[in-house]
Amino acid sequence: MNRRLFGFSVAAIALVAVAMPAAEQWTGWRGAARTAVSTAAVPATLAAKATDVWAVPVGIGHASPIVDGQRVYVFARKGEQEVAQALDLGTGKTLWTAGYDQPYTMNSAATSHGQGPKSTPLLAGGRLYTLGISGVLSAFDAATGKVAWRHAFDKEFGPPPDFGTATSPLFDNGLVIARRRHQRRRVARLRRRDRRHEVELDG
């Protein structure tokens, strides 16, 4: 299980390094516009066989890497921690790493899903936002990895969904929007700067 997810993470990073030019900004799930459409120019010719520019072990999980300028950001699990990382796009060198303890027990019906995280991170306004499998929403300084604020929704709103939190955060008009609980349709919107709750919808 871990080996399969781990391999996927490494392959994704290598693909980004090969395929994404510096001008392409892929700052969240399905890209900046959430269309899953790249605007990058297609090379006139392609190699008969793709080769890795670099490959770096980043952990396990389902979260997609994102790209901004010359940086790749990833969010993954390493042991009992959920870890955000910034890597150099050209070399794969680690620029910063920031993790926090987050043990997670899988639902017996979802052991094949792994321990996450599942949510793709979001880059907006110079900050990287991550949503962990138990509903921990974090804001990191994208340049340094310093934690700006963190909300532990598992403690504020109760346990996560049966199979873990999987939706990726959104950014709109100065608000970070994160869907926390699927069963109760719990949505939290927070001010980007001060993490203050703006709206909570329940049911």
Residues with amide H under 5 Å from that of TYR104, placed H, sequence gap 5 or more:
none
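If we sort 82-93, 120-131, 145-156, 168-179 on the protection proxy, mean other Cβ atoms within 10 Å, highest first, what's the order?
On the way: 82-93: 19.2, 120-131: 22.3, 145-156: 15.6, 168-179: 17.4.
Sorting 82-93, 120-131, 145-156, 168-179 by mean packing, highest first, produces 120-131, 82-93, 168-179, 145-156.
Do the alpha carbons of any pairs in LYS78/LYS155; LYS93/LYS155; LYS93/LYS146 sit beyond 29 Å of each other, and which pairs? Can you show the working numbers first?
Working: LYS78/LYS155 22 Å; LYS93/LYS155 35 Å; LYS93/LYS146 18 Å.
Flagged as over cut-off: LYS93/LYS155.
Work out, in µm²/s and without decimals, the Stokes-Einstein translational diffusion coefficient of the stretch 53-140 at 25 °C, 0.890 mPa s, Rh from Kirkwood over C-alpha pairs. Provide the component values of the computation, followed by the final result.
On the way: Rh = 13.4 Å.
Answer, rounded: 184 µm²/s.
Each value in this text was obtained by applying a stated rule to the coordinates, not by laboratory testing. Here the structure is a predicted model, which means the values were calculated and not measured. Heads up, the Cβs are rebuilt from the backbone with ideal geometry, glycines too, and the neighbour counts pull from every protein chain shown.
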